[in-house]
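Working notes, beginning with the structure itself.
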Amino acid sequence: MASDLPPPRLTRDLTQPEAIPEAGIARALELMRSGRLFRYGEMGADQLDVSRLEEEFAAFVGRRYCVAVNSGGAAMFLALKVAGVAPGDPVLVNGFTLAPVPGAILHAAAKPVVVEIGRDCVIDPDDLVRKASSSGAKVLLLSHMRGHIADMDRVLETCTGHGIALVEDCAHALCTSYRGRTIGTFGVSAAFSAQAYKHLNAGEGGFLVTDDPVMAGRAILHSGSYMLHGQHLSTPGPDVIETLSEHVPNFSMRMSALSAAILRPQLAELPRRAERWNRIHDRIAAGLARSQHLRVPERGGDHAYSATSVQFCVLGLDADAMEAVLERAQARGLPIKWFGAERQAGFTSAPRHWRYAGDQGPLTQTHRVLAQLCDIRTPLSLTDAECDLIAEIVRDAIEAVVAARRDGRHRQKASRSSSQGREP
Ligand SMILES: *Cc1c(COP(=O)(O)O)cnc(C)c1O
């Protein structure tokens, strides 16, 4: 295979999101021409983009109420507040997640208690039991990070047994389910994100969903509804909200009408997009699985996922070798994110970077998994050939690094034995 051709490069920019559907652009223009960008208005509630979207989103997930806010982080913060988290309270959280998750706990002035993850990147149910007992926490903020779904039966059993309220972080878990039940319907509430790299893109945005009328009422008031809560369509109604209104501060976390205008047509397209995302994910994952040095975390056969990125573990390489793999892949146009990096980069972060969260003990198991874990974003624009090329670049990079190490060791051994041979 003597060829002087350089190996093919990936030319696709993996940071490129999908275009906003034309209907969303048209509605956004209409709103901008009218100047009515505030979510509340003088028209009837059924004319309001945010109120309509809340109703549609609640129906999509299958929960009674939805409150749209300005970010996923804000939705998690509100979820904790309405679940009754008070300053200083311990809140359990799994160790594989992104910085806005411990951030939401600190925003509520509570104390993160990080729970270990297992080899498939989901919460370790045994450590959950241990930390639930030792911390006395009354809330678990479970992050379905990258759409990897935990053993929800065991999670629920532990929550019930310890009187813990489950709050779900569904930033990567829209269109996913566990044994036929939609993720986002397991907890007392769930938070979603509409940040540009999630399933729905408004640049920024978030949703809190719940079936609990008091939580919904409090979230509406906290989000900053002034006395305009009557303009919500997804609402427990004025009777509930008015009894709360003088007890719940306004945190001004509203979603703008413009965001809702561009999100509504995306929600309608989502099932089709999720299918395409999974085809991309599965094709790359199958290509990665061909390497003996790679392991793709298992997703249970009874989980439906909807992956906007692909994760894999690189087996048996130390930190320097990992850096060499990333460098080789980057040289062929493929940015790989690595959760084991010394410093947090891009969107990757790990509990050892969360100094603000306080001492969490060693979290040995979590760090062992994250030290191997890599992540590649998978925009919908990827073609089949590009999916295959991505897997090939990763495999090649690892093979090259492993081979270089092996040669290095052979040479060392050879020079050791030859120098021994020369000894008198
Ligand atoms: C993006 C994200 C969030 C919410 O993020 P925002 O940027 O605040 O919308 C929450 N959890 C995870 C795991 C995320 O990736």
### Query
Which residues, taken from segment 185-199, are aliphatic (A, V, I, L, M), at pLDDT 95 or above and within 14 Å of the ligand (Cβ to nearest atom)?
ALA190, ALA191, ALA194
## Note on the structure
Matching residues in segment 233-267 (among the hydrophobic types (A, V, I, L, M, F, W, C) and free of Cβ contacts under 8 Å to residues at least 60 places away in the same chain) number 4
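Check ALA190, ALA216 and return the single one that is of a type outside the set (S, T, N, Q), touching a Lys or Arg at 6+ places or on another chain (Cβ under 9 Å) and more than 29 Å from PRO21 (Cα to Cα). Outline the logic, then answer.
Values: ALA190 fails: more than 29 Å from PRO21 (Cα to Cα).
Within the list ALA190, ALA216, the selection yields ALA216.
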### Query
Taking the condition closer than 11 Å to VAL113 by Cα and either among the acidic types (Asp, Glu) or away from the ligand (no atom under 16 Å from the Cβ) (or both), does LEU156 pass?
no
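For the structure I just gave you, tell me whether ALA289 is of a type in the set (Gly, Ala, Ser) and farther than 16 Å from VAL401 by Cα. Walk me through it before giving the result.
Numbers: of a type in the set (Gly, Ala, Ser): yes; farther than 16 Å from VAL401 by Cα: yes.
Here the answer is yes, as ALA289 does meet what is asked.
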### Residues located in segment 39-88, provided they are surrounded by 21 or more Cβ atoms within 10 Å (Cβ to Cβ), over 17 Å from CYS170 (Cα atoms) and either acidic (Asp, Glu) or not assigned by TED's automatic domain parsing to the domain that holds VAL248 (or both)
ASP49
## Note on the structure
(1) more than 16 Å from the ligand (Cβ to nearest atom); (2) crowded, with 24+ Cβ neighbours inside 10 Å; (3) under 22 Å from TYR305 (Cα atoms) all hold for SER177 apart from (2)
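Residue-wise test of (1) closer than 28 Å to VAL296 by Cβ; (2) without any contact (Cβ under 8 Å) to a residue 24 or more places away in the chain; (3) out of contact with any Leu (no Cβ under 7 Å at 6 or more places or on another chain).
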{"site": "ASP89", "(1), (2), (3)": "no, no, yes"}
{"site": "HIS148", "(1), (2), (3)": "yes, no, yes"}
{"site": "THR158", "(1), (2), (3)": "yes, no, no"}
{"site": "HIS162", "(1), (2), (3)": "no, no, yes"}
## Note on the structure
Scanning segment 126-148 for residues that are surrounded by fewer than 24 Cβ atoms within 10 Å (Cβ to Cβ) and either over 18 Å from GLN360 (Cβ atoms) or outside the structural domain of ASP211 (by TED's automatic domain parsing) (or both), the one farthest from the ligand (Cβ to nearest atom) turns out to be LYS138
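The values are calculated or read from the model by the stated rules, or taken from the named source; none is laboratory data. Quick caveat: nothing in here was measured; it's all calculated off a predicted structure. Glycine also receives a Cβ, built like all others from the backbone with ideal geometry; neighbour counts cover every protein chain displayed.
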